[in-house]
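Take a look at the structure set out below.
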């Protein structure tokens, strides 16, 4: 099983309460946040401009779970966490930054494809069962080579 990630997919995160539960679980573990850039990064919205001091990397990254165009990676400071927690899941769709990924030790532990309403979360079978017991609808674990 070495060199493999195990993710479960959910397509049912419509309400903000479930989104916040997931965020709180994965933000506690993560050390970076990464976004795909939908619109011109040279003209950032003010709330995104405020994050620039936490920017670690910007550019094209092919190994992002869902790489589309350019991405921006941020140190997971309190500013970045506050912004992530301030937006309902649906607000990330067609926002200047979208497709949030949370990373731990360089590996995505939570990845979204907002226009498809997909959330991929790295978890164990026990964690999947616990989340589904709380009303989530995560499918079977899938192995993905690193």
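Spin-label pair residue 53-residue 31: with each label point 7 Å from Cα along the Cα-Cβ axis, the two points sit 2.2 nm from one another. Label positions at residue 12 and residue 63, each projected 7 Å from the Cα along the C-beta direction, are separated by 3.4 nm. Here are labelled values, (1) 34, 30, 30; (2) 42, 33, 26; (3) 56, 25, 20, and one is the computed Cα extents along the principal axes in Å for what I pasted. Which one? Among (1) 34, 30, 30; (2) 42, 33, 26; (3) 56, 25, 20, the one calculated here is (2).
Cα centroid separation, the stretch 1-59 to the stretch 92-136: 9 Å. Can you compute log10 of I(q)/I(0) for the stretch 75-120 with the Debye formula, treating each Cα as one identical point scatterer, at q = 0.15, 0.19, 0.20 Å⁻¹? Reported log10 I(q)/I(0), two decimals: -0.39, -0.62, -0.68. For the chain, a Gaussian network of Cα nodes joined below 10 Å ranks 12, 68, 78 by mean-square fluctuation, and the top entry is 78.
No value in this document is a laboratory result; all are computed from the given coordinates. Computed from a predicted model, the values in this text were never measured in an experiment. Ideal geometry is used to build each Cβ from the backbone, glycine not excepted, and the neighbour counts take in all protein chains shown.
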